[in-house]
């Protein structure tokens, strides 16, 4: 009887470890260039990770637009600062969604994530 309980605990620990790996991969999706890690691994087969990769990709494109606008002297520098603040807020929101196990769209950019297919 103890052996069965031990196997159940081991299976539960394995499941917990697998869930933790999925969360880490989903968090990488929001950390700029680190999005390539879950994208290039088998983790992108997980629907939860795939959802957050798409959200993170939309956020990365938003950040890239901010960088391009930031090349314009004076006005662009103000705009890139605003984009940067918004990006940090969206990154935090995305990571909080992952930690809470939620698939919530990010404001401003999340609706564009539906257009990505991979």
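The values are calculated or read from the model by the stated rules, or taken from the named source; none is laboratory data. These numbers were taken from a predicted model, which means no experiment stands behind them. Cβ placement follows ideal geometry from the backbone for every residue including glycine, while neighbour counts extend to all protein chains displayed.
The table below lists the values:
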quantity	calculated
Subset of the stretch 18-51 [within 12 Å of residue 116 (Cβ to Cβ) and in a helix (DSSP H, G or I)]	35, 39, 44, 50, 51
Condition check for residue 91: modelled with pLDDT of 95 or more, in a helix (DSSP H, G or I) and in contact with a helix residue (DSSP H, G or I) (Cβ under 9 Å, 6 or more places away or on another chain)	yes
Candidates 69, 91 - the one that is surrounded by 12 or more Cβ atoms within 10 Å (Cβ to Cβ) and over 16 Å from the mean Cα position of the chain (by Cα)	69
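Yes/no per residue for (1) modelled with pLDDT of 90 or more; (2) over 17 Å from residue 91 (Cα atoms); (3) surrounded by fewer than 18 Cβ atoms within 10 Å (Cβ to Cβ):
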site	(1), (2), (3)
8	no, yes, yes
14	no, yes, yes
21	no, yes, yes
29	yes, no, no
34	yes, no, yes
47	yes, yes, yes
